[in-house]
Amino acid sequence: MGKIDEVKETLNTLRVVMSIFFGVFVLIVGKIVTLYETQNLTALFWISIVASIISLIAIIVIVKKIAKKTKEIKDL
């Protein structure tokens, strides 16, 4: 497999992982909103807040890696 094919495969994998993290992020935020509306501010609410922040950070890291791999393809 050539270098460009390897980079493209990595790029596609990063896109799939990013999509999964977006889905998880949306689900967590939906749960946070539900818990907030019912005034159920228990440990689950705060764990969900932390999990959503971690998911958002992971999405940002993945987007940066996608940008790097895209530039790498341009250079090949």
Please name which of W46, V29, V61 has its Cα lying farthest along the dipole of the chain towards the positive end, using unit charges on Cβ (Lys, Arg +1; Asp, Glu -1) and the Cα centre as origin. V61
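First select every other residue whose beta carbon is under 15 angstrom from the beta carbon of L11; then total the charges, Lys and Arg +1, Asp and Glu -1. Write out the running numbers ahead of the final one.
Numbers: positive: K3, K8, R15, K64, K65, K68, K69, K71, K74; negative: D5, E6, E9, E72, D75.
Neighbour charge sum, excluding L11 itself: +4.
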So what's the angle, to the nearest 10 degrees on a 0 to 90 scale, between helix 43-75 and the longest Cα principal axis of the chain? 10 degrees
Per the rule of 0.36 nm per residue minus the C-alpha distance, extending I60 to E72 adds in nm 2.5 nm
Toy charge model, Lys and Arg Cβ at +1, Asp and Glu Cβ at -1: segment 3-75 dipole around Cα centroid in debye, rounded to 20, equals 260 debye
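None of the figures in this text is laboratory data; all of them are computed from the coordinates on show. None of these values were measured; they are calculated from a predicted model. Positions of Cβ are generated from backbone atoms using ideal geometry, with glycine treated the same way; all protein chains shown enter the neighbour counts.
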